[in-house]
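Q: The structure that follows is given in the form of structure tokens.
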Amino acid sequence: MKKLNGTLLICLIMISACAQPSTVKHINETNIPEIALAPLRFLASDELMGRSTTRPEIHIAARYISEQFRSFGLRKLEGLADYYQSFDLKLNNPERIIPSENVMGWVEGTDPKLKNEFIVLSSHYDHLGVAKQPKMEEGKLDSIYNGTRDNAIGTTAVIDAARYFSKYPAKRSILFITFTGEELGLLGSKYFTEHPPMPLKQIVYDLNIDNASYNDTTAITLVGLGRTSADEDIQKACIVYGLSILPDPLGGRLFKGSDNTPLAEKGIPAPTFSLGMKSFDQSILNRYHQLSDEVGNFNLNYGMKFIRAYILSAKNIADNPVQPEWKKGDEFEGLGKSLYQRNQ
Ligand SMILES: [Zn+2]
């Protein structure tokens, strides 16, 4: 091979050195706070009445998310009606059937080979609805579970990621999913994995978001830290925004508490990206599934760092030439190997 001339070599070094800063610049420019936080303010507003899967307002939330996806030009999955994976939820007590929808769309990857692999970015958009009786909480009589942290912020981050990746696609394809029915027992994500609109083996990773609350704004919590090979990509992204990574404060018990579980149980490496929790103490319980989980007491500066670190994490994973996998000895390692037909 011909020797590179000096100017060309300097250019190549500069391009590789600048790749990360320009990505960060693009993430920040695509998601300025006034735009990036609009979904949070809408989804957590009183008008949506707590986004219960059993209330009519949940469909307004779904419509809003799907129109965001449309405005970014996301692709629709074959066989779905628009951006909806619609299904009937059968509920007991009283027995009834509730029409429900997961909302999803995707962006094609730029790499001719890696684009056949999908990274899922997921969150649940439902929450607890309205209390039977108004209650006094922190000096305020309230009855609406706004679910700002749980999980309007997660759904907002997925929408914001879709805004970024539709403009600046990654090497792998990215599927954005907002699940319904999580609070009733992961019903939307279970439906998705039991009726997958695409072969599950094409999904090589899921970076789910879900939250109780936070008590450390210098960190994110990765529920599933140490279990997949993508930790480093997430760590590199968080450092850029001055955030460190904390493990599950309940020593692993949170792992099976969110929509990452049905995907993990199919073998897909799937941790949950959460707001920073140094311990699962009273400061978390004061907001977790409480009426006071509102935008007014949520640290929006921290929320912006959290959203941007999530997008950059996804970008690092989606561009990494090595397919992420469960770590050796993990409870899901075998399922992963059979899903992706790797040698046992
Ligand atoms: Zn949640």
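Each row is one residue, and each column tells you yes or no for (1) over 30 Å from F118 (Cα atoms); (2) buried (at least 18 other Cβ atoms within 10 Å of the Cβ); (3) of a type in the set (S, T, N, Q); (4) modelled with pLDDT of 95 or more.
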residue	(1), (2), (3), (4)
T272	no, yes, yes, yes
G296	yes, no, no, yes
N301	yes, no, yes, yes
I307	no, yes, no, yes
I311	no, yes, no, yes
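Q: If you don't mind, another one. Output yes when any residue across segment 207-218 is out of contact with any strand residue (DSSP E or B) (no Cβ under 6 Å at 6 or more places or on another chain) and within 16 Å of the ligand (Cβ to nearest atom), and no when none is.
A: Taking segment 207-218 first, the residues out of contact with any strand residue (DSSP E or B) (no Cβ under 6 Å at 6 or more places or on another chain) are 212-213, 215-218.
Applying the additional criterion that residues be within 16 Å of the ligand (Cβ to nearest atom) yields 212-213.
Checked segment 207-218: at least one residue is out of contact with any strand residue (DSSP E or B) (no Cβ under 6 Å at 6 or more places or on another chain) and within 16 Å of the ligand (Cβ to nearest atom).
Q: For segment 87-103, check the following and say yes or no: at least one residue is at pLDDT 95 or above and within 28 Å of T221 (Cβ to Cβ).
A: yes
Q: On the given criteria, is L225 in a loop (DSSP other than H, G, I, E, B), surrounded by fewer than 24 Cβ atoms within 10 Å (Cβ to Cβ) and more than 16 Å from the ligand (Cβ to nearest atom)?
A: yes
Q: On the basis of being free of Cβ contacts under 8 Å to residues at least 24 places away in the same chain, acidic (D, E) and surrounded by fewer than 19 Cβ atoms within 10 Å (Cβ to Cβ), does E265 make the cut?
A: no
Q: Out of all the residues in segment 146-165, is one or more surrounded by fewer than 18 Cβ atoms within 10 Å (Cβ to Cβ), at positive phi and in contact (Cβ under 8 Å) with a residue 60 or more places away in the chain?
A: Looking through segment 146-165, none of the residues is surrounded by fewer than 18 Cβ atoms within 10 Å (Cβ to Cβ), at positive phi and in contact (Cβ under 8 Å) with a residue 60 or more places away in the chain.
A quick yes/no check of all residues on (1) over 30 Å from Q323 (Cβ atoms); (2) in a helix (DSSP H, G or I):
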| residue | (1), (2) |
| --- | --- |
| G109 | no, no |
| K115 | no, yes |
| A131 | yes, no |
| R149 | yes, yes |
| R163 | no, yes |
| A170 | no, no |
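Q: Now, a different point. Kindly provide the set of residues from segment 101-136 that are on the phi < 0 side of the Ramachandran plot, within 16 Å of the ligand (Cβ to nearest atom) and small (G, A, S), ordered by number.
A: Across segment 101-136, the qualifying residues are S122, S123.
The values are calculated or read from the model by the stated rules, or taken from the named source; none is laboratory data. For clarity, every value in this text was computed on a predicted model and none was experimentally measured. Positions of Cβ are backbone-derived with ideal geometry, glycine not excepted, and every protein chain shown enters the neighbour counts.
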